[in-house]
1. Those residues that are free of Cβ contacts under 8 Å to residues at least 12 places away in the same chain and either farther than 15 Å from residue 226 by Cβ or not in a helix (DSSP H, G or I) (or both), I need them from region 168-181; list them, please.
2. Given the options 126, 148, name the one that is over 15 Å from residue 38 (Cβ atoms), part of a helix (DSSP H, G or I) and either open to solvent by 50 Å² or more (accessible area, probe 1.4 Å) or at pLDDT 90 or above (or both).
3. Given the conditions (1) under 15 Å from the mean Cα position of the chain (by Cα); (2) in a loop (DSSP other than H, G, I, E, B); (3) not aromatic (Phe, Trp, Tyr), which single one is not true for residue 80?
4. With respect to residue 139, is the statement that it is modelled with pLDDT of 95 or more, of a type outside the set (Val, Ile, Thr) and either out of contact with any Asp or Glu (no Cβ under 9 Å at 6 or more places or on another chain) or open to solvent by 50 Å² or more (accessible area, probe 1.4 Å) (or both) true?
5. Could you pull out the residue among 69, 11 that is under 22 Å from residue 200 (Cα atoms), outside any helix (DSSP H, G or I) and either at pLDDT below 95 or small (Gly, Ala, Ser) (or both)?
6. What tally of residues in region 75-90 results from selecting those that are without any contact (Cβ under 8 Å) to a residue 60 or more places away in the chain and out of contact with any strand residue (DSSP E or B) (no Cβ under 7 Å at 6 or more places or on another chain)?
7. Residues being part of a helix (DSSP H, G or I), charged (D, E, K, R) and surrounded by 12 or more Cβ atoms within 10 Å (Cβ to Cβ): count how many of those fall in region 190-226.
8. Can you pull out every residue in region 93-123 that is more than 19 Å from residue 159 (Cα to Cα), open to solvent by 50 Å² or more (accessible area, probe 1.4 Å) and in a loop (DSSP other than H, G, I, E, B)?
Amino acid sequence: MIAEPGRSTESWELGPALAPGDPFPFVCAGCGDCCRKRRDLVLSGYDLYRIARRLRLSPRIVATAFCKSYIAPQSYLPALCLTPDPKTGNCRFFEGSACVIHEARPLACALYPLGQSIDPITACTEYHAQLPLCGACVGDRTLQDYLEDSAILDRAGIDARWAVVCTQISKQLLDAGGAAHPHFMTAVRRVERALYWDYDLGDEFYPQFQQNTAALMLLLARILSA
C-alpha cells in the first residue's frame, strides 16, 4: 500500500482500516489549526489542476508561485509540495480564519484526520483513523458520512488511478536504472509535463490525464531504451 499525496515530512502511523459503516464521529469545527504552522504538503496533478482552476491560473504558474519541486528519492518521480508561507508558517491559502480555496483544497486537507492508502496494483483504497487534534465529536456518524461530506468519494477514482499510473511510471524509471540512466532528466521532464503541466483548465482533468499518460508511456519506452 502507498499513502500519497500527503504531508511530505510527516510519518503517519496508520491504524486499522475502517469500513464505510464504522463509527467516525469527527466533525471539523473550523478552528483552522490544521492550516497553521503546517508542513509541506505533497500535491497530485489533480490537486494542482483543481487549485489552478480555482485561481484561474495555469498549473505551471501556481506551482511556481506556491510550490517547490523535487525528485522523490524512492520513486524517482517528479513531485510538488505546497509550501508554507515563509513569514507565518501557515498555509499560503489560509486567510483570516478560512481557506480561500476550500472547494479546491488538496486531498490531504479534505482527508484530515484520516490517512488514506491505495494499493498500486488493484487500486483498492482504504481509510485509516488518525488521532485528531481538533474538531468536534458527533455521535451516530460513520466513515461513509465523513467521506461524502468531504467530497472525497467524488474524486476517489481519479486518486486511485493517479496512484496506479505513478507506480507504473516509477517502475519504468527504476527498471531503466533510475538516475544513473543517461537520459534520466529528459525522461523526468516529460513525466512532469504529463502529470502536472499539460492541462487545459477548460476541460476536465481525467480524460486529459489518461491521454497524457498513455502518450507518456510510449515516449518513455523510446527515451529509456536509447
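1. 171, 177 - these are the residues of region 168-181 that are free of Cβ contacts under 8 Å to residues at least 12 places away in the same chain and either farther than 15 Å from residue 226 by Cβ or not in a helix (DSSP H, G or I) (or both).
2. Numbers: 126 fails: part of a helix (DSSP H, G or I).
So the residue among 126, 148 that is over 15 Å from residue 38 (Cβ atoms), part of a helix (DSSP H, G or I) and either open to solvent by 50 Å² or more (accessible area, probe 1.4 Å) or at pLDDT 90 or above (or both) is 148.
3. (2)
4. On the way: modelled with pLDDT of 95 or more: no; of a type outside the set (Val, Ile, Thr): yes; either out of contact with any Asp or Glu (no Cβ under 9 Å at 6 or more places or on another chain) or open to solvent by 50 Å² or more (accessible area, probe 1.4 Å) (or both): yes.
Against the criterion (modelled with pLDDT of 95 or more, of a type outside the set (Val, Ile, Thr) and either out of contact with any Asp or Glu (no Cβ under 9 Å at 6 or more places or on another chain) or open to solvent by 50 Å² or more (accessible area, probe 1.4 Å) (or both)), residue 139 does not qualify.
5. Details: 11 fails: under 22 Å from residue 200 (Cα atoms).
From the options 69, 11, the qualifying one is 69.
6. Adding up the residues that qualify gives 7.
7. Just the residues of region 190-226 that are part of a helix (DSSP H, G or I), to begin with: 190-197, 205-225.
If we keep only those that are charged (D, E, K, R) too, we end up with 190, 192-193, 222.
Next, only the ones that are surrounded by 12 or more Cβ atoms within 10 Å (Cβ to Cβ) stay: 190, 192-193.
Residues that pass the stated criteria total 3.
8. 96, 97, 100
The values are calculated or read from the model by the stated rules, or taken from the named source; none is laboratory data. Quick caveat: nothing in here was measured; it's all calculated off a predicted structure. Positions of Cβ are backbone-derived with ideal geometry, glycine not excepted, and every protein chain shown enters the neighbour counts. All accessible areas refer to the heavy atoms of the entire protein, side chains included, with ligands and DNA or RNA removed. Shrake-Rupley method; radii C 1.70, N 1.55, O 1.52, S 1.80 Å.
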